[in-house]
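Enquirer: Sharing a structure below in structure tokens format, with a few things to ask.
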Amino acid sequence: MINRILTALVMAPLAFWIIGWAPEWLFLLVLLAIVERGLYEFYSLCRHAGFKTVPVIGYVSGGAFCLAQSAENYWPESKLLPFFLVLILSVVLTPMVGLRWPSDPKQFLSATSSTIFGIFYIGFSLSWLVPLRFSHLLGGRNLALLLFLVIIFGDIFALFVGRAIGRIPLCPQVSPRKTVEGALGGLFGSLMAAYLFAHWFWQTESIKTVILYAGLIAVVGQVGDLVESAIKRAGDVKDSGTLLPGHGGLLDRIDSLVFAVPALWLVVALGAFLR
């Protein structure tokens with residue numbers, strides 16, 4: 001627990017500066033590093049679970065999604081053409097390379113399936129952080145900061161409430177230590193953080209809208225946490241890695257984001273379109 005707290009105290013200020021105030025090139029560079037490391041840990045979990053992968057295609061495609069999102073910000077007239085080009089090439093090239101990559105043809109299906117899932121699970125999902133933070137139509141510093149505050153405070157409250165009064169298992173076959181009480185505590189912490197953020201800082205958006213965003217982020221984030229737990233259970237490992245002392249791997253820290261990021265982007269984009 002001490003290592004976990006110390007790591008959080010060191011990383012949190014730097015993370016918040018990058019999220020809210022770093023120039024786009026630095027934000028993109030950090031995002032690329034996170035995506036590549038997340039894919040590395042995911043493909044490692046796949047191998048522990050007995051699945052072959054085609055990691056080269058995964059690494060290239062995951063990074064290309066992030067670069068394509070950034071390109072669309074600089075050239076809006078492209079109308080997401082680079083993004084859809086990466087999408088099509090990822091789906092087409094993975095099985096083509098998979099025909100030669102695993103020497104055993106019986107591994108073809110598992111290799112291509114796990115590789116494509118990793119591309120979408122990590123690269124595709126996290127790439128939407130770019131428009132959330134920098135799009136002239138949707139995102140902005142406040143939206144990105146809200147996303148991370150909701151996830152962080154949700155994790156903190158879920159941990160302490162679950163340890164203090166957790167009794168009812170939430171999903172015992174996937175994560176025996178997670179409880180319904182912890183999940184509700186996490187939801188409460190997320191909503192409280194969103195309310196305070198909207199009240200003190202994001203005063204250009206209605207508190208009701210910010211709370212709705214926070215509720216979506218919190219619920220989908222907890223689903224993402226459970227999905228990563230299921231992947232680790234398939235590989236019979238406790239953590240996705242050892243990169244962060246007291247926290248495990250990087251994927252253990254971003255598991256709540258991988259579903260929350262595209263879900264938030266979709267809701268905000270639909271709201272902007274309907275206005």
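Enquirer: Consider the stretch 178-188. How many of its residues are crowded, with 23+ Cβ neighbours inside 10 Å and within 19 Å of the chain's Cα centre (by Cα)?
Expert: Qualifying residue count for the region: 2.
Enquirer: Under 7 Å by Cβ, and 6 or more places apart or on different chains, what pairs join a residue from the stretch 244-258 that is modelled with pLDDT of 90 or more with one that is of a type in the set (S, T, Y)?
Expert: Sorted first by the residue in the stretch 244-258, then by its partner, the pairs are L251/S240; V258/Y121; V258/S125.
Enquirer: A follow-up question, please. Suppose we keep only residues that are more than 13 Å from V210 (Cβ to Cβ) and in contact with a Phe, Trp or Tyr (Cβ under 8 Å, 6 or more places away or on another chain) within the stretch 140-160. Which one would you say is modelled with the lowest pLDDT?
Expert: By that ranking, first place goes to R141.
Here's the yes/no breakdown for (1) among the aliphatic types (A, V, I, L, M); (2) more than 13 Å from C66 (Cα to Cα):
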| site | (1), (2) |
| --- | --- |
| S114 | no, yes |
| I119 | yes, no |
| W128 | no, no |
| S135 | no, yes |
| N142 | no, yes |
| L147 | yes, yes |
| G154 | no, yes |
| A158 | yes, yes |
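Enquirer: Now a separate question. Six or more apart or on different chains, Cβ atoms under 6 Å: show the pairs whose first residue is in the stretch 82-97 and closer than 14 Å to G123 by Cα and whose second is among the β-branched types (V, I, T).
Expert: S90/I119
Enquirer: Taking into account only those residues within the stretch 189-210 that are part of a helix (DSSP H, G or I) and of a type in the set (S, T, N, Q), which is surrounded by the most Cβ atoms within 10 Å (Cβ to Cβ)? Walk me through how you get there before you give the answer.
Expert: Step one: filter the stretch 189-210 for residues part of a helix (DSSP H, G or I), giving 189-200, 207-210.
Remaining after also requiring of a type in the set (S, T, N, Q): 190, 209.
Values: S190: 30, T209: 13.
So, considering only residues that are part of a helix (DSSP H, G or I) and of a type in the set (S, T, N, Q), the one surrounded by the most Cβ atoms within 10 Å (Cβ to Cβ) is S190.
Enquirer: Separate question: Scan the stretch 145-177 for residues that are small (G, A, S), under 21 Å from the mean Cα position of the chain (by Cα) and in a helix (DSSP H, G or I) and jot them down. Walk me through it before giving the result.
Expert: Restricting attention to the stretch 145-177, the residues satisfying the condition of being small (G, A, S) are 154, 158, 162, 164, 166, 175.
Within this subset, residues satisfying the condition of being under 21 Å from the mean Cα position of the chain (by Cα) are 154, 158, 175.
Passing the criteria: G154, A158.
Enquirer: Before we move on, is I165 farther than 19 Å from R253 by Cα, without any contact (Cβ under 8 Å) to a residue 40 or more places away in the chain and in contact with a Gly (Cβ under 9 Å, 6 or more places away or on another chain)?
Expert: Here the answer is yes, as I165 does meet what is asked.
Enquirer: Then there's this: Could you please give the count of residues in the stretch 213-243 that are under 25 Å from V180 (Cβ atoms) and either of a type in the set (S, T, N, Q) or without any contact (Cβ under 8 Å) to a residue 12 or more places away in the chain (or both)?
Expert: Qualifying residue count, the stretch 213-243: 4.
Enquirer: Among the candidates L226, L264, which residue alone is assigned to a helix (DSSP H, G or I), at pLDDT 90 or above and surrounded by fewer than 20 Cβ atoms within 10 Å (Cβ to Cβ)?
Expert: Testing whether each residue is assigned to a helix (DSSP H, G or I), at pLDDT 90 or above and surrounded by fewer than 20 Cβ atoms within 10 Å (Cβ to Cβ) leaves just L226.
Enquirer: Right, here's the next one. Can you tell me which residue is surrounded by the most Cβ atoms within 10 Å (Cβ to Cβ) among those in the stretch 117-161 that are in contact with a Leu (Cβ under 9 Å, 6 or more places away or on another chain) and more than 23 Å from V30 (Cβ to Cβ)?
Expert: Per the criteria, the residue is A158.
The values are calculated or read from the model by the stated rules, or taken from the named source; none is laboratory data. What you are looking at is a predicted structure, and each value in this text was computed from that prediction instead of being measured. Reconstructed Cβ throughout: ideal geometry from the backbone, glycine too, with neighbour counts over all protein chains shown.
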